[in-house]
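Enquirer: Structure incoming, see below.
The values are calculated or read from the model by the stated rules, or taken from the named source; none is laboratory data. Being a predicted model, the structure only gives us computed values, none of them experimental. Cβ: placed from backbone, ideal geometry, glycine included. Neighbour counts: every protein chain shown. Just the protein is used for accessible areas: all its heavy atoms, side chains included, with ligands, DNA and RNA removed. Shrake-Rupley method; radii C 1.70, N 1.55, O 1.52, S 1.80 Å.
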Amino acid sequence: MTTARRQVPRHHLLSVLVENKAGVLARVSGLFSRRGYNIFSLAVAPTDDEAFSRITIVVDVESAPLEQIIAQLDKLVNVVEISELHPDEAREAELLLVTVAADAAERAQVIQLVGVFGGRILDVSHGEITAMLAGAPGSLDDFEELMRPYGIVELQRTGRVALPRLDVSADRGLRVAEGA
Amino acid sequence: MQMTGAQALVKSLEHGGVEVIFGLPGGAILPVYDPIIDSSIRHVLVRHEQGAGHMAEGYAHVTGRPGVAMVTSGPGATNIVTPLADAYMDSIPLVCITGQVSSSAIGTDAFQEADITGITMGVTKHNWLITDANEIPRVIAEAFHVATTGRPGPVLVDVPKDVANATMEWYWPEEVDLPGYRPAAAPDPAAVEAAAELISSASRPVIYAGGGILKSRATEALLELAELTSTPVVTTLMARGAFPDSHPLCLGMPGMHGSYGAVTAMQQADLLVALGSRFDDRVTGNLAAFAPGAKVVHVDIDAAEIGKVRRPDVGIVADCRLAIEALSGSLRARGDLRTSRLAPWLEQVARWKEELPYTYDRGAADGTSPATTDRRLPGRPPLLKPQFVLETLRDATPPDTVLVSGVGQHQMWASQFWRFERPYSWVNSGGLGTMGFSVPAAIGAKVGRPEATVWAVDGDGCFQMTAQELVTASVERIPVKIAILNNGYLGMVRQWQHMFYEERYSEVYLSPDLPDYVGWAEAMGCVGMRVETAEEVLPAIEKANQVDDRPVVIDFRTDAMEQVFPMVPAGASNDDIVVHPSQTAALEKARSRS
Ligand SMILES: Cc1ncc(C[n+]2csc(CCOP(=O)(O)OP(=O)(O)O)c2C)c(N)n1
Ligand SMILES: [Mg+2]
């Protein structure tokens, strides 16, 4: 669901509170495909209230204007609230798992780089290392670039999740769902 | 009170005020059909589930109440997908109940299993798969609420067989609790003021009235606003009847086959006041060239319509009637409406309307009849002109007639040549353009308005798609009247092949004689008539109007060469409107003036 490209401004982050009902993810993803909107990444997880889940979607606004995407999403009966999180006002995080080729000579360099980024080594074999890194999507991008020369065997990213930054008042996020 | 889920379902429908269900039973919905025997709700047994869906639509169109259809799982459910898509496009409130295989069998490719909630997600406003009999009254209440409020639309409730058989304790929810569903209602006063400001300063305004006027019961409010501000009104295909055609400010239908006056007034407007309309591509033509000099006020209850196609200068998300009333209030408070400012515009618009009306070849100096063309099939009288048949039908039917149509050339002529004076007197498939709509929709309309005369104008192609529902109409004594404009062709497709494919007619010929429409009608318990000459047209219609105990089908033999004019070719600018060949001089004159 993710690619390794660096975030560019045409991507916007929507935090969508949905009722925790069967099929709700299909409704959201179906809406995007039916209307030709592109999803850059999508992550779903339960919230502290079991009646609701939160879907964090990074949308590509070249396919349609953001306000149109939000308005169409808002029409889904199970969508309760949509906030657009501006990158400057959000704390974003993502998880990356990567297996890189690293022979004995390269092993120490790779382990060192993982350490610099605050990641963890999960597995080591004679020729490969699997590492995990959680953090801001941008630093994951950087880490991925640095791993590339060693030979990425497999890589997976989860798509980002986000919460509003605390130093910016929490209700700055655009609340479009209310009454509109 | 303990009861089965099935009993609770029927009781919930009764609580929802349902008076009629259109449907057809089968294995998975069997438990629900049992309590229907004891219910006060009328059930109309259709011959194909598509018929049930379109009947429910026709009923909803003319009554404003939700239409209800009930079908079984699998093929029953998939057969009703087309009407759901049709209702979704045209914002028709429908509640469709489908049977489903038992909960434990879901996902196993069980007999007659289809994932109908998955299939219909994109063509319903919302749908539900019930998992517990206790949910039934709550979900039915929610279903009616969602279908009928905000922008209306179809919903579907899927009921597994074991859920229908389970027992539950009856209750009726007094309120629905849908945290994510908050339809708009009242307009934002600031937006209303901004819109009123634009209206009061425009010098070439046009009201672009859409189906939302009818959905929000805003026809009186519209009349008041138009008269208050002396603004000409165009009524889209979905809004025919929302503003009286005879009104001096009415310009009729805009769009691909709209009137020259409506199309051109929109093109040259400096303000479009879009009320419950959605800038459909059949209205705008080439979007980049559409109404280039116009500011736009857009009122719609669906926030996603605002700016979807054309970015408005003022967008108002609200119920159309409330918004129009607020606009009129604000304008009246301004006092000086200075409608004299509009005099040159009104004069110009009136001239377009007068000089370039809908027309057809009404007979030439050589003595050819206005009713027929000079073409004939071997051994037959000259063919009828479809427009003549429509004009005769229009003039021979009572004023409260409901006109229903299929999809094709006949639909465009019906919209053009009828005179719509009342709301809810026109039923057609606009957004999806569903051939086969008219016969069942007419039946549903007649069930909803039994006192009204219901005529369907249908094409020979369309008729063959759903004609079997006339058996339903005969058995149920629903006396609808069908006028087939039988040109022996998929006429609209033929017209495109004529204009854009060098007259290479690929797979559009149907034969006027096969099937034998009269024999077929009679076999279905209807009165069948064939009309080939001009003299027979009126007597046949009058005879049909007298029949009140069974459906009537008239097979009018019309000329396949007739084309629908005006026409804006697909993708072209509305400025490049092609008028009837007899009007080229009038067009030149009109263009040289403006
Ligand atoms: C279900 C369906 N299939 C195909 C079409 C494409 N289509 C649009 S108009 C038309 C021809 C309709 O023929 P007929 O009912 O004879 O009407 P006419 O145009 O001749 O008046 C066709 C095939 C459609 N609108 N709906
Ligand atoms: Mg035809």
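Enquirer: Take the residues in the stretch B:474-509 that are under 26 Å from the mean Cα position of the chain (by Cα) and among the aromatic types (Phe, Trp, Tyr); name whichever of them is farthest from ligand 1 (Cβ to nearest atom).
Expert: Residue satisfying both the conditions and the ranking: B:Trp496.
Enquirer: I'd like the residue in the stretch B:175-193 that is assigned to a helix (DSSP H, G or I) and within 19 Å of B:Gly276 (Cβ to Cβ) and, out of all such residues, is farthest from the other protein chains (Cβ to nearest Cβ).
Expert: In this case the residue turns out to be B:Val192.
Enquirer: While we're looking at this one, here's another question. Mind listing just one residue for me: the one in the stretch B:462-471 that is open to solvent by 10 Å² or more (accessible area, probe 1.4 Å) and within 15 Å of ligand 1 (Cβ to nearest atom) and, of those, nearest to the other protein chains (Cβ to nearest Cβ)?
Expert: Of the residues in the stretch B:462-471, the ones open to solvent by 10 Å² or more (accessible area, probe 1.4 Å) are B:464-465, B:468, B:471.
If we keep only those that are within 15 Å of ligand 1 (Cβ to nearest atom) as well, we get B:464-465.
Numbers: B:Gln464: 31, B:Met465: 26 Å.
Out of the qualifying residues, it is B:Met465.
Enquirer: Okay, moving on. Give the stretch B:13-33 a look and list any residue that's more than 23 Å from B:Arg449 (Cβ to Cβ) and part of a helix (DSSP H, G or I), or say none. Even if it seems obvious, please write down each step before you answer.
Expert: Step one: list which residues in the stretch B:13-33 are more than 23 Å from B:Arg449 (Cβ to Cβ), which gives B:15, B:24-33.
B:His15, B:Gly27, B:Ala28, B:Ile29, B:Leu30, B:Pro31, B:Val32, B:Tyr33, listed by residue number.
Enquirer: Taking the stretch B:39-60, which residues are touching a strand residue (DSSP E or B) at 6+ places or on another chain (Cβ under 7 Å), of a type in the set (Gly, Ala, Ser) and not in a helix (DSSP H, G or I)? Please lay out each step first, then the result.
Expert: Step one: of the stretch B:39-60, the residues touching a strand residue (DSSP E or B) at 6+ places or on another chain (Cβ under 7 Å) are B:41-46, B:49, B:52-53, B:55-60.
In the following step, the residues that additionally are of a type in the set (Gly, Ala, Ser) were identified as B:52-53, B:56, B:58, B:60.
Hits for the stretch B:39-60: nothing passes.
Enquirer: Test B:Met435 against the stated conditions and say whether it is within 16 Å of ligand 1 (Cβ to nearest atom) and in a helix (DSSP H, G or I).
Expert: Numbers: within 16 Å of ligand 1 (Cβ to nearest atom): yes; in a helix (DSSP H, G or I): no.
No: the conditions fail for B:Met435.
Enquirer: Next up: Please state which one of B:Pro566, B:Pro539, B:Pro512 is in the same structural domain as B:Leu393 (by TED's automatic domain parsing) and either within 15 Å of ligand 1 (Cβ to nearest atom) or surrounded by 21 or more Cβ atoms within 10 Å (Cβ to Cβ) (or both). Steps first, please.
Expert: Values: B:Pro566 fails: in the same structural domain as B:Leu393 (by TED's automatic domain parsing); B:Pro539 fails: either within 15 Å of ligand 1 (Cβ to nearest atom) or surrounded by 21 or more Cβ atoms within 10 Å (Cβ to Cβ) (or both).
The match here is B:Pro512.
Enquirer: Another question about this same structure. Restricting to the stretch B:498-536, name every residue that is assigned to a helix (DSSP H, G or I) and touching a Lys or Arg at 6+ places or on another chain (Cβ under 6 Å).
Expert: Within the stretch B:498-536, the first condition is being assigned to a helix (DSSP H, G or I), and the residues that meet it are B:498-500, B:517-523, B:534-536.
Residue satisfying the conditions is B:Val518 alone.
Enquirer: Could you tell me whether the stretch B:359-376 includes any residue that is modelled with pLDDT of 90 or more and part of a helix (DSSP H, G or I)? Give the steps one after another, and end with the answer.
Expert: Step one: list which residues in the stretch B:359-376 are modelled with pLDDT of 90 or more, which gives B:359-360.
Adding the requirement that they be part of a helix (DSSP H, G or I) leaves none.
Among the residues of the stretch B:359-376, not one is modelled with pLDDT of 90 or more and part of a helix (DSSP H, G or I), which makes the answer no.
Enquirer: Taking the stated definitions as given, is B:Leu383 touching a Lys or Arg at 6+ places or on another chain (Cβ under 6 Å), within 16 Å of ligand 2 (Cβ to nearest atom) and aliphatic (A, V, I, L, M)? Break it down into steps so the answer makes sense when it comes.
Expert: On the way: touching a Lys or Arg at 6+ places or on another chain (Cβ under 6 Å): yes; within 16 Å of ligand 2 (Cβ to nearest atom): yes; aliphatic (A, V, I, L, M): yes.
In short, yes.
Enquirer: Is there any pair with a first residue in the stretch B:403-423 that is more than 21 Å from B:Glu220 (Cα to Cα) and more than 16 Å from ligand 2 (Cβ to nearest atom) and a second that is of a type in the set (S, T, N, Q) and open to solvent by less than 10 Å² (accessible area, probe 1.4 Å) whose Cβ atoms are under 6 Å apart and which are 6 or more apart or on different chains, and what are they?
Expert: B:Val404/B:Ser438; B:Phe417/B:Gln387
Enquirer: For a quick check of your reading of the model, give me the residue pairs whose first member lies in the stretch B:302-313 and is on the phi < 0 side of the Ramachandran plot and more than 8 Å from every other protein chain (Cβ to nearest Cβ), whose second is assigned to a helix (DSSP H, G or I) and β-branched (Val, Ile, Thr), with beta-carbon atoms closer than 8 Å and at least 6 apart or on different chains.
Expert: Sorted first by the residue in the stretch B:302-313, then by its partner, the pairs are B:Val309/B:Thr284; B:Arg310/B:Thr284.
Enquirer: Report the residue count in the stretch A:45-59 for those that are crowded, with 18+ Cβ neighbours inside 10 Å and more than 9 Å from every other protein chain (Cβ to nearest Cβ). Spell out the reasoning first.
Expert: Here is the first cut: in the stretch A:45-59, the ones crowded, with 18+ Cβ neighbours inside 10 Å are A:52-59.
Filter once more, so that each one left must be more than 9 Å from every other protein chain (Cβ to nearest Cβ): A:53-59.
Total meeting the criteria: 7.
Enquirer: Moving on. Looking at the stretch B:473-496, can you tell me whether even one residue there is away from chain A (no Cβ under 14 Å), away from ligand 2 (no atom under 16 Å from the Cβ), surrounded by 24 or more Cβ atoms within 10 Å (Cβ to Cβ) and over 22 Å from B:Ala396 (Cα atoms)?
Expert: Keep residues of the stretch B:473-496 that are away from chain A (no Cβ under 14 Å), which gives B:473-496.
Still in the list and also away from ligand 2 (no atom under 16 Å from the Cβ): B:473-481.
Retained after the next criterion (residues that are surrounded by 24 or more Cβ atoms within 10 Å (Cβ to Cβ)): B:473, B:480-481.
With the extra rule that they be over 22 Å from B:Ala396 (Cα atoms), the set shrinks to B:473.
Yes, because at least one residue in the stretch B:473-496 is away from chain A (no Cβ under 14 Å), away from ligand 2 (no atom under 16 Å from the Cβ), surrounded by 24 or more Cβ atoms within 10 Å (Cβ to Cβ) and over 22 Å from B:Ala396 (Cα atoms).
Enquirer: Looking only at the stretch B:429-469, how many residues end up being more than 16 Å from ligand 2 (Cβ to nearest atom) and not small (Gly, Ala, Ser)?
Expert: 13
Enquirer: Report whether or not B:Tyr171 is open to solvent by less than 40 Å² (accessible area, probe 1.4 Å) and part of a loop (DSSP other than H, G, I, E, B).
Expert: Details: open to solvent by less than 40 Å² (accessible area, probe 1.4 Å): no; part of a loop (DSSP other than H, G, I, E, B): yes.
No: the conditions fail for B:Tyr171.
Enquirer: Run down A:Leu95, A:Leu31 and say which single residue is open to solvent by 10 Å² or more (accessible area, probe 1.4 Å) and not polar (S, T, N, Q).
Expert: Details: A:Leu31 fails: open to solvent by 10 Å² or more (accessible area, probe 1.4 Å).
Every option except A:Leu95 fails the conditions.
Enquirer: For a quick check of your reading of the model, give me the residue pairs whose first member lies in the stretch A:68-81 and is more than 7 Å from every other protein chain (Cβ to nearest Cβ) and more than 17 Å from A:Ala22 (Cα to Cα), whose second is hydroxyl-bearing (Ser, Thr, Tyr) and open to solvent by 10 Å² or more (accessible area, probe 1.4 Å), with beta-carbon atoms closer than 9 Å and at least 6 apart or on different chains.
Expert: Matching pairs, first to second residue: A:Ile69/A:Tyr37; A:Ile69/A:Ser63.
Enquirer: So, B:Val155, is that one open to solvent by less than 20 Å² (accessible area, probe 1.4 Å) and more than 22 Å from the chain's Cα centre (by Cα) or not?
Expert: Numbers: open to solvent by less than 20 Å² (accessible area, probe 1.4 Å): yes; more than 22 Å from the chain's Cα centre (by Cα): no.
Against the criterion (open to solvent by less than 20 Å² (accessible area, probe 1.4 Å) and more than 22 Å from the chain's Cα centre (by Cα)), B:Val155 does not qualify.
Enquirer: Output the number of the condition that B:Tyr517 fails; it satisfies all remaining conditions of (1) more than 16 Å from ligand 2 (Cβ to nearest atom); (2) over 24 Å from the mean Cα position of the chain (by Cα).
Expert: Among (1) more than 16 Å from ligand 2 (Cβ to nearest atom); (2) over 24 Å from the mean Cα position of the chain (by Cα), the lone unmet condition for B:Tyr517 is (1).
Quick grid of which residues meet (1) hydrophobic (A, V, I, L, M, F, W, C); (2) touching a helix residue (DSSP H, G or I) at 6+ places or on another chain (Cβ under 6 Å):
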site: A:His11; (1), (2): no, no
site: A:Val28; (1), (2): yes, no
site: A:Tyr37; (1), (2): no, yes
site: A:Asp49; (1), (2): no, no
site: A:Glu67; (1), (2): no, no
site: A:Ala102; (1), (2): yes, yes
